[in-house]
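The values are calculated or read from the model by the stated rules, or taken from the named source; none is laboratory data. No experiment lies behind these values; they were computed from the predicted model shown. Cβ coordinates were reconstructed from backbone atoms using ideal geometry, including for glycine residues, and neighbour counts include every protein chain displayed. Remember, those area values only see protein heavy atoms, side chains included, never the ligands or the DNA or RNA. Shrake-Rupley method; radii C 1.70, N 1.55, O 1.52, S 1.80 Å.
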Amino acid sequence: MTQSSRDRATADDAGRGEPGRRVSPRDAAAAEELLSAGRLSVEGRLVQASNATLYCSVERDGLAAACVYKPVAGERPLWDFPDGTLAEREVAAYEVSKAMGWATVPPTVHRDGPYGPGMVQLWVEPDPDIDLVALSRSDDEAVRRMAVFDAVVNNADRKIGHLLPPGDGHVYGCDHGVCFSVDYKLRTVLWQWRGKPLTPEALDALGRVDAAMRGPLGARLAELLTPDEVDATRRRVELMLKHRIHPYPPEDWPAIPWPPL
Ligand SMILES: Nc1ncnc2c1ncn2[C@@H]1O[C@H](COP(=O)(O)OP(=O)(O)O)[C@@H](O)[C@H]1O
Ligand SMILES: [Mg+2]
């Protein structure tokens, strides 16, 4: 058993025996309500995480779920992102994902918890039979959507281990704390489409975000990010709609995360 599967097995065991019906990551409204207002119990710590990333159960009115809780107090300071802002960036990434309409990010909220305010995200159990390295290098449609999403949020840390395929063809992504820098910092293992034309469905999704940035999404991001970061997000979307290609790697910044897993 590998280190990460052992961690996951521990997490699975902790999640068993929760009362109630399970909530699906596809049911965003129900999941957001459960994550925001449910009783949060810490079950364990994800040891492969770089921040204090806690595996929890959440329960309310007969609905239950496993989730991840990252308290702001447990965020490791970074040189290139302001302290104490990663949880809000995770929620901002979820809001963008919703506006794109692809459900790339599992339902994510900001709330108080046993270790203070933080982000809480629905747990998506990846299918252990899916080879994540192969998936990350493939031409998979869901992964391609994730590459477009990452370009919009300017994800500086898309690792292979951040791909969560539940086995139904969908691929969720996690760990969006280091997104939304005003500088171009796209750092990802998903460069296989660089310079290729965006698909018609990607252009549709970008059109949806572009419109939403002028309305509710722009207002919501203004609560979570700085005005410059919101402007930069709007500009990235406009640039992709103008050039209609997947972006190329930055030249002044390591384009692949290390370690890539
Ligand atoms: N919502 C989630 N569903 C399932 N697994 C998750 C989820 N969020 C995180 N994980 C797992 O936990 C690991 C650590 O979480 P991550 O968000 O990468 O934390 P950190 O910010 O500390 O790097 C991930 O690599 C992934 O395996
Ligand atoms: Mg991580």
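Can we say Gly62 is open to solvent by less than 50 Å² (accessible area, probe 1.4 Å), away from ligand 2 (no atom under 16 Å from the Cβ), in contact (Cβ under 8 Å) with a residue 12 or more places away in the chain and farther than 14 Å from Leu122 by Cα? Yes, satisfied.
Any residue that is at pLDDT 95 or above, under 11 Å from the mean Cα position of the chain (by Cα) and closer than 20 Å to Ser36 by Cβ - is there at least one of those in the stretch 68-77? Within the stretch 68-77 (the criterion being at pLDDT 95 or above, under 11 Å from the mean Cα position of the chain (by Cα) and closer than 20 Å to Ser36 by Cβ), the answer is no, since none of the residues qualifies. Screening Ala73, Ala87, Ala66 for residues that are within 14 Å of ligand 1 (Cβ to nearest atom), out of contact with any Pro (no Cβ under 9 Å at 6 or more places or on another chain) and not in a loop (DSSP other than H, G, I, E, B) leaves exactly one candidate, Ala66.
Taking the stretch 29-53 as the range and being within 16 Å of ligand 2 (Cβ to nearest atom) and of a type in the set (D, E, K, R) as the test, only Arg45 passes. When you scan the stretch 102-156, how many residues do you find that are within 17 Å of the chain's Cα centre (by Cα), over 20 Å from Leu224 (Cα atoms) and in a loop (DSSP other than H, G, I, E, B)? So the answer is 5.
Taken over the stretch 79-116, the criterion of being under 26 Å from Arg22 (Cβ atoms) and open to solvent by 40 Å² or more (accessible area, probe 1.4 Å) is satisfied by Lys98, Gly101, His110, Arg111, Asp112, Pro114, Tyr115. Do we have any residue at all in the stretch 203-222 that's more than 14 Å from Val96 (Cα to Cα), away from ligand 1 (no atom under 13 Å from the Cβ) and crowded, with 19+ Cβ neighbours inside 10 Å? There is no residue in the stretch 203-222 that is more than 14 Å from Val96 (Cα to Cα), away from ligand 1 (no atom under 13 Å from the Cβ) and crowded, with 19+ Cβ neighbours inside 10 Å.
Kindly indicate whether Leu122 is within 13 Å of ligand 1 (Cβ to nearest atom), at pLDDT 95 or above and surrounded by 23 or more Cβ atoms within 10 Å (Cβ to Cβ). It is true that Leu122 is within 13 Å of ligand 1 (Cβ to nearest atom), at pLDDT 95 or above and surrounded by 23 or more Cβ atoms within 10 Å (Cβ to Cβ). When residues in the stretch 239-261 are screened for being open to solvent by 80 Å² or more (accessible area, probe 1.4 Å) and in contact (Cβ under 8 Å) with a residue 24 or more places away in the chain, 4 of them pass. So, Tyr184, is that one surrounded by 16 or more Cβ atoms within 10 Å (Cβ to Cβ) and among the aromatic types (Phe, Trp, Tyr) or not? Here the answer is yes, as Tyr184 does meet what is asked.
Against the condition within 14 Å of ligand 2 (Cβ to nearest atom) and either touching a Gly at 6+ places or on another chain (Cβ under 9 Å) or under 19 Å from Ala66 (Cα atoms) (or both), how does Leu122 come out, does it pass?
Taking the combined requirement at face value, the residue does not satisfy it.
For the stretch 159-171, the set of residues classified as within 15 Å of ligand 1 (Cβ to nearest atom) and either buried (at least 24 other Cβ atoms within 10 Å of the Cβ) or part of a loop (DSSP other than H, G, I, E, B) (or both) consists of Lys159, Pro165, Pro166, Gly167, Asp168, His170, Val171, listed by residue number. Restricting the first member to the stretch 158-171 and to residues that are within 18 Å of Cys67 (Cβ to Cβ) and of a type in the set (A, V, I, L, M), and the second to residues that are more than 11 Å from ligand 1 (Cβ to nearest atom) and open to solvent by less than 30 Å² (accessible area, probe 1.4 Å), the beta-carbon pairs closer than 8 Å and six or more apart or on different chains are Leu164/Val171.
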